[in-house]
């Protein structure tokens, strides 16, 4: 047992950090929308899925004959990240316009919006499985789709017995950059102040001249763009996607958001990384099929002692 | 493959078959006497439903065998009547009543799946209609005490030991890592493989993951730490492809093997041709690939001429099931009872394997066939006893 632990601890940590970064990026979307609207946007997992398919299409169009390096790699990574962020962000805005705004206008309850979210989630999955994926790829929509390799799996350096590869570094670095950018945007810009004001007190924000509709739109755009980036990184790392790829991952990312403190951007980051690490560390002792049990046990235990999550503080009070 | 997926219909099937068994009359099909000029043989399976892709090839195989026979202008011609059960037990039960009472078939090729086989087995028994299934692989089917039921394919319980024994003989491993996802079929296969490895004194380590997981890094870490000689995965090709890719990316070089659930070109697409290269796949089915030689090559060419596609899963088995009945008709048997008697002693060189039945209807030869990914294509290496791995 101790032997297992010593042999597997460092490699598991690397794997946990990489997948945790993807959790964290997706968790940001849940947490932002929750912070502003008090709505759990269940269709967010499909926004992530749309991001993976955008990257798949871009990579397939470029069709690299062999994995890329240097400037070419940087350019293609930037291209898939920007494309996925744009399409996912746009899809998230459209989703808000179609599935949530009409309800909000009519003053529907949060429960109604939740049902609408679940409906939108299923609708998007099936729309992709039945129409869009066959149209994009010419293959049956429920099949797993594969993309070409753009990043070689070269070991850059090792820590103990853990190999850290190029693709690992790209995922973690890209995720961290995106999160810092988002954090600065929310905390330092005018639009960010609007988001925080709306989260704090929507009515007062309106009185102070904030356009709620604009703020909600921007919130969905930003959250969706983060999910799009997560989708691009996911596709680069795993090179496969499927119409329901977001389902389990979305639940995990939502868990990460709650674990870190829902409504709290830095909490989403922390929650994602912690969840990724705990899953992999737990798997060392009990086997990989226990990952989910371990992750959710930790969630319950944390919430018992800190009902608002690890960082607790929510978006409306976030200052720094 | 079919066993796991089709087990679900069993409950409904059992209920329906009880009712129908009660109504089914005892009359054996076919006319007695020497002036018979044609007999009807049925083929039953999912011809248009969601799993039709694994039933059309054996149907084509059966059609081809019957065409070849009729082309010889025999004294008694055979008419093949097709019944599309959609793989559903309730449809199978109503179709078989029609087949026996109206069409008066004397024998049945199929049903293709285990659930429907279980559902109509009793009725076939009472109506004295012999059946030979090309593709029903649930081990339990042979344990009903039916004397009219047969199959020409090894059952699911033969597969796990088949894979393990083959790897032991081909690679003499000291340590094996047995993986699976959490589906019933996957766990069952992995358990059987692990048990057989242990019998051969191979150290076994295990891990399992959720079917919908996409990140297998913890599994890869375990495998890398264990440094096994062979890796066996129980499960379907979607998961196998993702796993294999991540294992190879993680620097694991050991031989990777899996069962019939992963026997699909999509394994190569999912893992990427580089990672998939050399992967070993096992199946109770014998699927000739374009590079085969000898009698199997003749089958390949004739099938392609007859069906306009390459042979796919259970095509040879469908051909062999039909041939068993053709041999009986050739020998002058035209009633269900007589044909069944003949099947007890039939023995011939089939397209898939030598065909001979045990008393319980299982094939005497329960060979497992080995395939390997060579140059990005799944290639048949032959029956496990004689297959030689490449590279």
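The values are calculated or read from the model by the stated rules, or taken from the named source; none is laboratory data. These numbers were taken from a predicted model, which means no experiment stands behind them. Cβ sites come from the backbone with ideal geometry, for glycine too, and all protein chains shown count toward neighbours.
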Residue A:279 being closer than 25 Å to residue A:171 by Cα, at the interface with chain B (Cβ under 10 Å from one of its Cβ atoms) and touching a strand residue (DSSP E or B) at 6+ places or on another chain (Cβ under 7 Å): no
Every residue from the stretch A:79-96 that is exposed (fewer than 15 other Cβ atoms within 10 Å of the Cβ) and in contact (Cβ under 8 Å) with a residue 60 or more places away in the chain: none
Single residue of the stretch A:192-240 satisfying the filter (within 20 Å of residue A:124 (Cβ to Cβ) and over 15 Å from the mean Cα position of the chain (by Cα)) that is nearest to the other protein chains (Cβ to nearest Cβ): A:240
Matching residues, the stretch B:196-223, being in a helix (DSSP H, G or I) and touching a strand residue (DSSP E or B) at 6+ places or on another chain (Cβ under 9 Å): B:197, B:198, B:218, B:219, B:221, B:222, B:223
Helices (runs of 4 or more DSSP H) enclosed by the stretch A:211-292 - at least 3 residues per element that are under 26 Å from residue A:142 (Cβ atoms) and touching a residue at least 60 places away in the same chain (Cβ under 8 Å): A:212-238, A:245-260
Residue in the stretch B:285-301 that is closer than 25 Å to residue B:365 by Cβ, in contact with a helix residue (DSSP H, G or I) (Cβ under 7 Å, 6 or more places away or on another chain) and in a helix (DSSP H, G or I) present: yes
Filter pass, residue A:149 being within 11 Å of another protein chain (Cβ to nearest Cβ) and either in a helix (DSSP H, G or I) or farther than 26 Å from residue A:9 by Cα (or both): yes
Set A:26, A:36: member being within 28 Å of residue A:201 (Cα to Cα), within 14 Å of another protein chain (Cβ to nearest Cβ) and in contact (Cβ under 8 Å) with a residue 12 or more places away in the chain: A:26
Residue within the stretch B:31-40 that is closer than 18 Å to residue B:318 by Cβ and either at pLDDT 90 or above or in a loop (DSSP other than H, G, I, E, B) (or both) present: yes
Test for residue B:175: is it away from chain A (no Cβ under 14 Å), without any contact (Cβ under 8 Å) to a residue 60 or more places away in the chain and under 24 Å from residue A:287 (Cα atoms): yes
Of all residues making up the stretch B:224-250, the number that are in contact (Cβ under 8 Å) with a residue 40 or more places away in the chain, under 18 Å from residue A:11 (Cβ atoms) and either facing chain A (nearest Cβ under 7 Å) or not in a loop (DSSP other than H, G, I, E, B) (or both): 3
So residue A:140, is it exposed (fewer than 15 other Cβ atoms within 10 Å of the Cβ), within 14 Å of chain B (Cβ to nearest Cβ) and over 21 Å from the mean Cα position of the chain (by Cα): yes
Any helices (runs of 4 or more DSSP H) falling wholly within the stretch A:14-117 and containing at least 2 residues that are at pLDDT 95 or above and within 18 Å of the chain's Cα centre (by Cα): A:44-62, A:70-95
Matching option when the condition is within 20 Å of the chain's Cα centre (by Cα) and within 14 Å of another protein chain (Cβ to nearest Cβ), among A:312, A:272, A:267, A:261: A:272
One residue from B:268, B:280 being buried (at least 19 other Cβ atoms within 10 Å of the Cβ) and more than 24 Å from residue B:154 (Cβ to Cβ): B:268
The stretch B:68-90, residues that are modelled with pLDDT of 95 or more, over 17 Å from residue B:328 (Cβ atoms) and in a helix (DSSP H, G or I): none
